[in-house]
Amino acid sequence: AAIPKGWQIADWHYAARPEPEPFRKSLQVWKAEGYEPIASTWYSPDNVRSFTLAAIQEGCGALQTTWAGYTSTEKAMREQWPQAAAYVLSADYAWSGRKERIAELDYVAGDLLRRLYGDRPGRVVPRRGWFALWKPLGKETKAAGSRVALNEPLALTTVVAEGGKRLPAGARLRWEARGGTLVVALDSAARSQDGEPVGRLTVVTDRGEKSLDLRYGAQVRSVADRGDLAEAERSADGLCLVRVQLGDGVRVREVVLAASNRYSGLRLHGATVY
């Protein structure tokens, strides 16, 4: 009663629903009370899609939002890349008329934004490289100009899957490959909190070791989580491609993946050196 009739209301929800109907009901409540609601979408891809479609169906506006207190700086955008990538989805669903589910899109929003933003070269140059093959599946995955041959995944320990407790806490690839860049294809069996350490990747070369802490939402997401990554790319099939720069002419001897907890269940699907 304290809000004058006719005012615009930013209707905001955490929920990531696969269908627009729950959001339509919320917008309808505001309209019935004499207000002009604006569908204020969160960064979760299903929230963006379903809430935006609901707004279109109800004749309402749409507004893409970020966290309260989120600073509009380049540093913040890079640290919270999925929130920036949500603007790509928001604009697409709001203006294009498309209705496909997130998994049916022909692009990954975070990867597309990263390429357009300029972090990765736009022109793909063929290079000689090496695939790691242990139990090859005869297919590849690719993102941002890198290709990785897929194998039966090397799975690490997880308490959330049957038999997962018996899996090892680490995996080691012994390899002889020369190049300046390593790309590994990863995912996890279970979701974790964004920013949580889930593993550590160590590359042993003829010049020493280089390690990278793997954090959920930055380099890795679960197979069921279609969100974007802040510091890696996702392929169209949902794998997480992590790139490690090693220096020119380095000889890679080992790639070691270690779990940081007992439930995430990291999985290594393949590796490429070029």
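Each reported figure results from applying straightforward, stated rules to the coordinates on display, with no laboratory input. Everything numeric in this text was worked out from a predicted model, so none of it was measured. So basically every Cβ, Gly included, is an ideal-geometry build from the backbone, and we count neighbours across all protein chains shown.
So here's what we get for this one:
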read-out: Prolate/oblate/rounded label for the range 8-106 (Cα gyration tensor, a/c 1.5); value: oblate
read-out: Charge tally in the Cβ shell below 11 Å around Phe23, where Lys, Arg are +1 and Asp, Glu are -1, Phe23 excluded; value: -1
read-out: Cα shape, the chain, gyration tensor, a/c 1.5 rule; value: prolate
read-out: Sorted by Cβ neighbour density within 10 Å, fewest at the top, the residues Lys31, Lys139; value: Lys139, Lys31
read-out: For the range 1-117: relative contact order, % (alpha-carbon pairs under 8 angstrom, 6 or more apart); value: 23
read-out: Pairwise FRET efficiency - Val29 versus Leu116, Cβ, R0 = 30 Å, nearest 0.05; value: 0.20
read-out: Charge dipole magnitude, Cβ of K and R +1, D and E -1 - the range 130-273, Cα centre, debye nearest 20; value: 320
read-out: For the chain, size of Cβ-based charge dipole, Lys and Arg +1, Asp and Glu -1, in debye; value: 920
read-out: Sites Leu133 and Gln193, calculated FRET efficiency, Cβ-Cβ separation with R0 41 Å, nearest 0.05; value: 0.75
read-out: Approximate spin-label separation Val160-Thr71, in nm, with each point projected 7 Å along Cα-to-Cβ; value: 3.2
read-out: Rg to Rh quotient for the range 129-274, alpha carbon positions, Kirkwood Rh; value: 0.94
read-out: Residue (of Phe51, Gly97, Pro136) at the positive-pole extreme of the chain, dipole from beta-carbon charges; value: Pro136
read-out: Within a Gaussian network of the chain (alpha carbon springs, distance under 10 Å), most fluctuating of Val29, Val223, Val148; value: Val29
read-out: Charge dipole of the chain about the Cα centre (unit charges at C-beta), most positive-ward option of Tyr107, Pro18, Gln83; value: Tyr107
read-out: Whole-number percent relative contact order across the chain, with pairs defined as alpha carbons under 8 Å at least 6 apart; value: 19
read-out: Expected 222 nm ellipticity per residue - DSSP helices of 4 or more, -39500 (n - 2.57), all of the chain, to 500; value: -6500 deg cm²/dmol
